[in-house]
1. Condition check: part of a helix (DSSP H, G or I), at pLDDT below 75 and open to solvent by 50 Å² or more (accessible area, probe 1.4 Å). Does Arg16 satisfy that?
2. Only residues in the range 162-181 that are in a helix (DSSP H, G or I) count as the first member; pair them with residues that are open to solvent by 60 Å² or more (accessible area, probe 1.4 Å) and among the small types (Gly, Ala, Ser), Cβ under 9 angstrom, at least 6 apart or cross-chain, and list the lot.
3. Going through the range 146-166 one residue at a time, which ones are of a type in the set (A, V, I, L, M) and open to solvent by less than 40 Å² (accessible area, probe 1.4 Å)?
4. Which fully enclosed helices (runs of 4 or more DSSP H) of the range 27-145 have 2 or more residues being loosely packed, with under 15 Cβ neighbours inside 10 Å and either in contact with a Pro (Cβ under 7 Å, 6 or more places away or on another chain) or at pLDDT 90 or above (or both)?
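The values are calculated or read from the model by the stated rules, or taken from the named source; none is laboratory data. Worth saying up front: this structure is predicted, and the values here are computed from it rather than measured. Note: ideal-geometry Cβ built from the backbone for every residue, glycine included; neighbour counts use all protein chains shown. What goes into the accessible areas is simple: the full protein's heavy atoms, side chains included, and nothing from ligands, DNA or RNA. Shrake-Rupley method; radii C 1.70, N 1.55, O 1.52, S 1.80 Å.
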Amino acid sequence: MSFSASPRPPSGPRRRSLLVSAAGAAGAVLLVGCSGDPEGGEPAAERSAADAARARAGRDSEALAARYAAVIAAHPGLAERLRPLREEVLRHARAFGAKGTGGTASPGASSGASPSVSARAAGPGDDAGRVPADEKDAVALLAGAERKLADRRAEALLEVPGELARLLASVAAAGAAHVYLLTDGG
């Protein structure tokens with residue numbers, strides 16, 4: 001018994017094209033539902049908490065940049081090594097929406113940060129009110145500050161929405177790399 005192909009093509013869409021169309025429509029619905037629109041579907045309380053977390057992350061990065069500036073001012077011999085890390089910390093602050101400069105010293109300056117900058121850079125309960133006189137101790141202070149901040153950001157990932165969580169994760173990873181460069185990789 002032999003089967004021959006039908007002389008006329010079947011009318012209507014084929015099964016494969018229907019499946020592709022259905023998958024495309026489902027994907028479009030998912031993309032619309034997962035858009036990065038901050039107003040779309042995100043409760044005001046959640047946006048407010050995310051805004052507060054973003055502002056706190058920006059302030060933390062500015063304080064860390066001020067700490068770098070204070071160490072650079074106290075130990076100009078470390079400027080070449082620390083300046084690129086400080087500039088990256090300032091980029092992090094801007095990514096979080098911070099508007100400040102992270103201290104009085106410009107990224108290219110080797111001096112200009114006053115003791116008040118280092119005191120302001122130290123958060124409440126921090127032990128970094130002043131820059132240590134020894135260069136190794138000063139770098140260890142920066143490494144400790146980077147480590148604490150990276151750890152705090154990693155913990156905050158669970159409490160913030162998608163895009164901010166990705167940004168925090170990226171900046172926390174950069175902070176961990178800074179710790180490595182300040183300690184083992186230095």
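1. So Arg16 passes the test.
2. Gly162/Gly36; Glu163/Gly36; Tyr180/Gly186
3. Listed by number, the residues that qualify are Leu149, Ala150, Ala156, Val160, Leu164, Ala165.
4. 44-74, 79-95
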